1. Looking only at the range 379-392, decide whether some residue is in contact with a helix residue (DSSP H, G or I) (Cβ under 7 Å, 6 or more places away or on another chain), part of a helix (DSSP H, G or I) and surrounded by 16 or more Cβ atoms within 10 Å (Cβ to Cβ).
2. From the set of residues in the range 394-419 that are part of a helix (DSSP H, G or I) and without any contact (Cβ under 8 Å) to a residue 24 or more places away in the chain, which is farthest from residue 381 (Cα to Cα)?
3. Output the residues belonging to the range 252-265 that are buried (at least 19 other Cβ atoms within 10 Å of the Cβ) and within 24 Å of residue 185 (Cα to Cα).
4. Within the range 268-279, track down each residue that is in contact with a helix residue (DSSP H, G or I) (Cβ under 7 Å, 6 or more places away or on another chain) and either closer than 13 Å to residue 235 by Cα or not in a loop (DSSP other than H, G, I, E, B) (or both).
């Protein structure tokens, strides 16, 4: 881009921002603009124009009623003449004094010309609000932001003059004109069908095994950047072109599980979307993948104990009317798996554990739950236990830190009493004796 083109681009951007603040979006009629162009333009801008006193006109090579025709009636020559008008208007902007009113007016006119050119190339009336393609569900966007980038062509989406779509599933963004060129299926479908991570750290296979082509679009790439730079995705270990890999960064699950490392690494676009959609899914069973992690990360042991206590509290809540009305379990609605098991984790859980955020919030919830059972609710208090081994002390609950629970009958005892007792659990003994009596009674009756 030349220096002049850069200057014009800056001026246009300023005017686009001004127009967006004023609420100007897309021009449906161009007649008023043409009248302004004819009345104010300088004669020297376009060769062959004539002036008569103060009535200076700019001959665009088009009749005024030309812009009133239906969109479908435009021909290729109309587009060519508009392109010519745009180039001449750019020259005029560079000739005029910088920051002058005439220069600003002509920049606005240049924007209007480009708006009309875009309408001829990409008529908005034919664009549906919803399109389905490769399992994407594309919804037409109404935002006029200029900060978006097309995921297909890697260029800026000019919301003021271009129609664009966003996939409601994976948030893939693209121009309307790029829709038919998309080859990437929706990542959300992969999340639905294959909810699991790559658990090997950067499983590189080598650029030669990829035939020196992008792993996604198969464009030619090389480490020397000729014809395109090869960029490695730290999640898949494969190499991608600059169109499929924008140097986005993400936390890599394999590095977290094996090394407890949370540094963000460069990943390709598809991996970035997949990791973002998988972030809150509880698919990591740490006890199977890397059980030694609990020996080195004290925070994990603390969280596991809190989760086990919450699972012991759950039966109290689902049988307590007051707890159901207070919806106490909904305090964990963002981490529903915490009230279902104690061994499944999401990547977001592990990130929050490393920052200490999860420990603080879960301890607070644990305290609220315990307060309801032991202090606030008489019905829950009545479901406590008395240590049958020493028959002393306060009412016990299975989630108390100084207690032990029988694995067979779930009776609760003081921890010291339970481990010092050489006999079997008294409750289990009674249940066994009762069962034997019932069997003997059945035999006598038969």
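Readers should treat all values here as calculations from the given coordinates under stated rules, not as data from a laboratory. What you see is a predicted model, and the numbers here were worked out from it, not measured in a lab. Counting neighbours? That spans all protein chains shown, and the Cβs are built from the backbone with ideal geometry, glycine included.
1. yes
2. Kept after step one, since they are part of a helix (DSSP H, G or I), are these residues of the range 394-419: 415-419.
Now narrow it down to the ones that are without any contact (Cβ under 8 Å) to a residue 24 or more places away in the chain: 415-416, 419.
Numbers: 415: 20, 416: 23, 419: 25 Å.
Going through the qualifying residues, I end up with 419.
3. 252, 253
4. First, pick out the residues of the range 268-279 that are in contact with a helix residue (DSSP H, G or I) (Cβ under 7 Å, 6 or more places away or on another chain): 270, 273-274, 277-279.
Passing the criteria: 270, 273, 274, 277, 278.
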